[in-house]
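Below is one structure; the comments refer to it alone.
We did not get these values from a lab; they are worked out from the coordinates using the rules stated. The shown structure was predicted, so the numbers you read here are calculated from the model rather than taken from an experiment.
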């Protein structure tokens, strides 16, 4: 639940973090995060916003923002009067994602967001396809799971050979996420992106596979395994890919996927 928290003032030469620090200092003990919207636009060479999940919650409740410093910040550009009463919310949604601990996905070496499959990548992808859109695309199933919005019963873990019929990852029921550990030590996710709802900007539905890098128990990077997102990163029935030359993922009719660890098959 969001509650208006008042205003803070910073000096002319202060950086955006000073605004966030002041908002955290003024937040009450019940606040678990702060969302700060500046009333001045950023320069063209500056990021439109930032967000952080902060520090872990203390062992004993409450999980107050004063302890975690969980915060999101956006400049004023997305709330310029030219937008009228329907400002775009995709950047805000992206930065709020960071407060949940979600990391970027689908970025190139320069840090550009390439993927329209995830609010944590190109959050403006839906608006680029349809200028009337104001929300970002949906997010990856692994993020839904981490946030507690996808129950463990809707997640399948593949060992050896697995045949799974996928339900849309943004749906309400069914197997919406399959994960397996590659022989490179990375985690891989398989899910069905349906071109409806938050993902109706996609030209067609398809199965996406992502590589998830984990360091010291935390996700540090997520990348699509296939080509250029969004459409190039989706598999249609009949498609097959190989991962590290040891795992194969095949999509069949009815969005059934067969995932095989080829090293476990008899020679």
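Antiparallel DSSP bridges in the stretch 105-267: what percent, to the nearest 5? Roughly 90 percent of the DSSP beta bridges within the stretch 105-267 come out antiparallel.
Angle of helix 16-26 to the longest C-alpha principal axis of the chain, folded into 0 to 90 degrees and rounded to 10: 80°. Its convex hull of Cα atoms gives the stretch 1-101 a direction-averaged projected area, equal to a quarter of the hull surface, of 7.0 nm².
Subtracting the Cα-Cα distance of residue 1 and residue 108 from their residue separation scaled by 0.36 nm leaves 35.1 nm. The candidate values are (i) 150, 49, 30; (ii) 70, 45, 34; (iii) 77, 34, 33; the one derived from this structure for Cα extents along the principal axes in Å carries the label (ii).
Taking the centroid of alpha carbons for each part, the stretch 52-82 and the stretch 153-171 are 33 Å apart. Comparing 82, 13, 172 in a Gaussian network model of the chain, where Cα atoms under 10 Å apart are tied by springs, the biggest mean-square fluctuation is seen for 13.
Short-range pairs are left out: with C-alpha atoms under 8 Å and at least six residues apart, the relative contact order of the chain is 12 percent. Subtracting the Cα-Cα distance of residue 13 and residue 130 from 0.36 nm times their residue separation leaves 38.3 nm of extension gain. Compared with the dominant principal axis of the Cα atoms in the chain, helix 90-99 is inclined by about 80°.
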